[in-house]
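Values quoted throughout were computed directly from the atomic coordinates according to the rules given, and no laboratory measurement underlies them. Quick caveat: nothing in here was measured; it's all calculated off a predicted structure. Because the Cβ atoms are built from the backbone with ideal geometry, glycine has one as well, and the counts that use them run over all protein chains shown.
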Amino acid sequence: MLDSPRKIGMVAGTMVFMFLFPLYFAWMPLADEGLANGGGSGQGEWIVSFSESESVLEESTVLEDGDTHMTEFTVGIEDLGDMEIGFIELIVQCNDNDDPGPGFSDSVDGVSDLMDVEGHASGDIQDQSADGTCTGGNGGFTMRWDVTTNYTGESFSITSSQKTISETWNDNGFGIGTWSATISAEINSAPIVGGIVDSDEDFDITWRMITYEVVIEESMVEPTE
Ligand SMILES: [Ca+2]
Ligand SMILES: [Ca+2]
């Protein structure tokens, strides 16, 4: 049977293959379940990190006293692909420098309307309200929604299973839809003889969304032999 070098080579190759293949498939499910390093407890030592992308929508508006402005930010399922939503922020900035001297600062308040956002009806994504004065160089307010619970984007190491990690770090399908908010301006003007010195204010509105993919790596070097 083994009468030529070619046949001998094929048999040897086949035997190596037969030997390696069961080893490979015996090891793979263990690695998937985090058992390879965990001594059969279902646990493993992992480093979890987040590969992030940022989406930003900016607009500006000028409002007089009592004026309101509605702003919207739409998150489509096709925008996300395989990414999960970490958090979404609404940042409203203003800087009232229209009055001579201190006082008479303008202010802004805002209220969200997330009726059309996935996760609002179940109470997982809740409306917020906020306000701020337009002073100090960073006036205004920020609202933030952690669409993934407790999302920070910081990497960490954990003893767990990959399954548990994946089940923890996702957005549950929440956050898709149209995020809406309305801001209202309060303009205060110093009482100067001869007229009003401050009649309005500029507001910069920024919607910011951080999306991510979870990266799970073994924290120890896998033995290869
Ligand atoms: Ca003012
Ligand atoms: Ca002003």
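Descriptive notes on the structure:
- If R0 equals 45 Å, the separation of the Cβ atoms of residue 184 and residue 215 corresponds to a calculated FRET efficiency of about 0.60.
- Amide H to amide H, with H built 1.01 Å from N, residue 53 comes under 5 Å of 211, 212, counting only residues 5 or more places away or on other chains.
- Residue order, fewest to most surrounding Cβ atoms within 10 angstrom, among 202, 171, 3: 3, 202, 171
- Residue 168 paired with residue 144, simple spin-label distance in nm, labels 7 Å along Cα-to-beta-carbon: 2.0
- Residues in the range 96-101 carry Karplus couplings, in order, of 7, 10, 8, 9, x, x Hz; the curve used is 6.51 cos²θ - 1.76 cosθ + 1.60 with θ = phi - 60°, and Gly or Pro positions show x.
- Computed from the Cβ-Cβ distance with R0 of 35 Å, the FRET efficiency linking residue 115 to residue 158 stands at 0.45.
- Remark on residue 197: its backbone amide H falls under 5 Å from those of 190, 192, a criterion applied only to residues 5 or more positions apart or on other chains, H modelled at 1.01 Å from N.
- Potential extension, residue 202-residue 57 segment - 0.36 nm per residue separation minus Cα distance: 50.5 nm
- Given their separation in residues at 0.36 nm each and the Cα-Cα distance between them, residue 192 and residue 127 gain 19.4 nm when the chain is fully extended.
- Residue by residue, the range 156-166 carries 3J(HN,Hα) couplings of 7, 10, 8, 8, 6, 10, 4, 4, 4, 4, 5 Hz when phi is fed to the Karplus relation 6.51 cos²θ - 1.76 cosθ + 1.60 (θ = phi - 60°); x denotes Gly or Pro.
- From phi via Karplus (6.51, -1.76, 1.60), per-residue ³J(HN,Hα) for the range 203-213 in Hz, x at Gly/Pro: 10, 9, 10, 10, 9, 9, 10, 9, 10, 8, 10
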